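Step one of this worksheet: look at the structure below.
The values are calculated or read from the model by the stated rules, or taken from the named source; none is laboratory data. Computed from a prediction, not measured in an experiment: that's the story for all the values here. Here the Cβ is made from the backbone with ideal geometry for all residues, glycine too, and neighbour counts use every protein chain on show.
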Amino acid sequence: MLSYFLSEEEEILVDLVNQIGREYILPYARDWDEEETYDPRPIRALAKADLLGVVIPKEYGGLGFGSFALCLAVEHLSKYCTGVATTYAASFLGAYPILLFGNQEQKAKYLPEVAAGRRLCAFALTEPQAGSDAAAIQTRAEQDGDYYVLNGIKQWITNGGIADIYIVIALTDLKKGARGASAFIVERGDPGFSVGRKEKKMGLRASVTTELFFTNCRIPKNRLLGREGMGFIIALKTLDYARVGVGAQAVGLAQGAMELALKHARTRVQFGQPIYNFQAVSHTFAEMAMRIEAARSLVYQTAKNIDAGAKEISGPSAMAKAFATDVAMWVTERAVQMMGGYGYMRDFLAEKMMRDAKCLQIYEGTNEIQRNVIARELLKYYRD
């Protein structure tokens with residue numbers, strides 16, 4: 001409802017994403033969810049439109065836009081299918097460490113491939129015993145001459161198996177704990193690297209989530225990002241950049257759910273009139289609209305702060321992620337309720353949207369962890 005005065009380039013980007021959403025996603029989203037199928041066609045269409053290079057600098061073949069443009073793309077994709085949007089956004093999650101911390105050689109090798117859509121990325125931090133407590137990772141990397149040898153398991157990795165480039169956080173010095181973690185670039189086909197089974201999920205079924213196994217996985221030492229011991233710095237900075245994108249997913253999902261339910265409410269006649277005419281219903285939609293617009297404003301401003309080079313983005317990114325995803329969960333639940341029995345049926349998208357929303361409150365740091373981050377960051381501003 002608010003105007004955000006998008007530039008001409010941003011308007012074109014939004015139009016492109018919506019065109020791809022209508023043509024390549026909306027007709028198939030329900031089937032992908034039902035069959036738990038990843039279909040590469042939307043990603044290929046996005047690549048053909050150069051949208052896999054939104055935040056990649058022009059010198060590496062990208063569009064050279066920033067976080068705000070990426071949020072616009074993710075938001076509008078999520079209106080059609082949050083699973084597809086997850087595949088898209090997760091590739092940037094895996095590309096950000098190279099973009100932010102890669103040396104010139106690494107950027108020149110990988111970023112043009114990512115920008116062209118020839119290679120997807122994934123980010124591998126979580127392990128069976130290291131979820132919210134990321135410092136509890138056990139995957140190890142030992143230097144052996146001109147190679148590092150990785151051993152361990154990563155769990156619940158988005159784009160596992162379909163990605164070509166994996167950023168893996170592993171311990172290079174067990175004695176230092178979190179300060180002994182390092183970040184590595186692992187490629188599909190590296191010896192000793194294999195992908196586990198595809199997980200069966202409540203929602204986001206159009207995206208792929210798997211385990212990753214490293215069994216004496218040998219990679220050249222020039223695949224180390226930054227230097228040894230920087231792994232958690234790289235991971236935390238990457239998540240600061242990426243979490244606003246989860247907020248954008250939530251905004252798009254909530255918007256799509258509201259529009260779906262609103263269409264139903266305006267055409268569903270009970271007691272001789274559309275149910276939207278009943279105050280209990282129309283006030284629910286008014287509340288949806290207010291919460292979505294508040295979430296959108298927070299996400300957009302956080303993204304613009306990132307693009308402006310703001311030094312402190314951990315708190316705002318955590319706020320954008322937690323607030324927007326909580327809004328998405330509330331809106332999708334209300335959308336199901338407003339559609340009544342139709343909302344509960346798998347023939348319609350409302351129940352899928354509600355299931356998709358749940359994961360947004362969990363991945364890339366649960367919303368409980370986001371509140372920990374926000375509380376910690378508050379002390380930097382209010383010390384007296």
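Overview of values
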item: Test: residue in segment 197-205 that is buried (at least 19 other Cβ atoms within 10 Å of the Cβ) and either touching a Leu at 6+ places or on another chain (Cβ under 8 Å) or part of a strand (DSSP E or B) (or both); result: no
item: Residue within segment 270-292 that is hydroxyl-bearing (Ser, Thr, Tyr) and under 26 Å from the mean Cα position of the chain (by Cα) present; result: no
item: Considering residues of segment 354-384 that are among the hydroxyl-bearing types (Ser, Thr, Tyr) and closer than 26 Å to residue 82 by Cα only, the residue surrounded by the fewest Cβ atoms within 10 Å (Cβ to Cβ); result: 366
item: Any hit, segment 299-313, residues being aliphatic (A, V, I, L, M), closer than 23 Å to residue 132 by Cβ and either touching a residue at least 24 places away in the same chain (Cβ under 8 Å) or in the same structural domain as residue 361 (by TED's automatic domain parsing) (or both); result: yes
item: Search result, residues across segment 1-37 that are among the polar types (S, T, N, Q) and over 27 Å from residue 290 (Cβ atoms); result: 19, 37
item: Near pairs, Cβ below 6 angstrom, 6+ apart or cross-chain, from segment 105-123 (more than 24 Å from residue 84 (Cβ to Cβ)) to any residue that is in a helix (DSSP H, G or I); result: 106/98
item: Qualifying residue in segment 224-243 (condition: in contact with a helix residue (DSSP H, G or I) (Cβ under 6 Å, 6 or more places away or on another chain), part of a helix (DSSP H, G or I) and under 30 Å from residue 278 (Cα atoms)); result: no
item: Residue match in segment 19-34 (condition: aromatic (Phe, Trp, Tyr), without any contact (Cβ under 8 Å) to a residue 24 or more places away in the chain and either assigned by TED's automatic domain parsing to the domain that holds residue 325 or not in a loop (DSSP other than H, G, I, E, B) (or both)); result: yes
item: Pairs, first of a type in the set (D, E, K, R) in segment 80-96, second at pLDDT below 95 and buried (at least 24 other Cβ atoms within 10 Å of the Cβ), C-beta under 7 Å, six or more apart; result: none
